[in-house]
Amino acid sequence: MEVGVLDPAVLPGYLLAVLLVTVPPGPDNAYIIAVAMDRGSRAGVLSAVGMSLGMLVHATAAALGLALVLQSAPNALTAIRLGGAAYLAWLAFTTLRSARRSGHIGHAPPPDRQILGRAVLTNLTNPKIILFFAAFLPQFARDGRGPAALQFLTLGLIFLLVGLMWDSIVGLLAARLGAALRGSGRAATAVTITAGLTFAALALLLLLQALPIG
């Protein structure tokens, strides 16, 4: 069955590749789990939507050829990783501070727009996603199937839909776990601290990738 301008023969391999990138735990999943456990199912699903919006940016960049430019400009990629590390470090600091101050009691959830924005930024600085769109996506485009930009965009949208479904499931399951632990003040505080430490670990991971030792 033909999907847009794609060669139907590439779809099975592409879907498998998407699943191999999407399902294993990574920065995006860790972020969604932390937010959903701390803030609930709505925040988890909003984070999944934010990740998809980030993937839409990646897909558009690939269609415009910006991904290949980024791949050939390691300094730009380093700057993106450093920016993401700084952002996640700040998020870790504010989350841990809120846990120490209030133990989650009276801890007002951030507005939906902020949750979406944080998820988009997390996805945009995820090296795994950047490299997939920059280096791996072009392998599934075929000559004679229409403009390469349209093929890249179609492949990107498939990735987006698969990612949205999986991330939403992860967010909902993590929210249920967080709700189960939120019955006591100590457990609620532990959930918030875990979220802050997760953000800190993601920041450290991006920093190590931006500044390789050796």
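The values are calculated or read from the model by the stated rules, or taken from the named source; none is laboratory data. Keep in mind the model is a prediction, meaning the values are calculated, not measured. Don't worry about glycine lacking a Cβ; one is built from the backbone with ideal geometry, like all the others, and counts go over all protein chains shown. Just so you know, the surface numbers come from the protein's heavy atoms only, side chains and all, with ligands and any DNA or RNA stripped out. Shrake-Rupley method; radii C 1.70, N 1.55, O 1.52, S 1.80 Å.
Within 10 Å, count the other beta carbons around each residue, average over each peptide in 170-177, 135-142, and list them highest first.
Numbers: 170-177: 19.8, 135-142: 16.4.
By packing density, highest mean first, the sequence is 170-177, 135-142.
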*Could you state how much accessible area TYR31 has, in square angstrom rounded to the nearest 10, with a 1.4 Å probe and all protein chains kept in place?*
0 Å²
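Please work out how much length the chain gains when fully extended from ARG145 to ALA201, using 0.36 nm per residue of separation minus the C-alpha to C-alpha distance, in nm with one decimal.
On the way: separation 56, 0.36 × 56 = 20.16 nm, distance 4.27 nm.
Extra length available between ARG145 and ALA201 comes to 15.9 nm.
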*So if R0 is 41 Å, what FRET efficiency would LEU157 and LEU181 give, r being the distance between their Cβ atoms, rounded to the nearest 0.05?*
0.70
_Accessible area per residue, Å², the range 10-59 with all protein chains present, probe 1.4 Å_ = 35 Å²
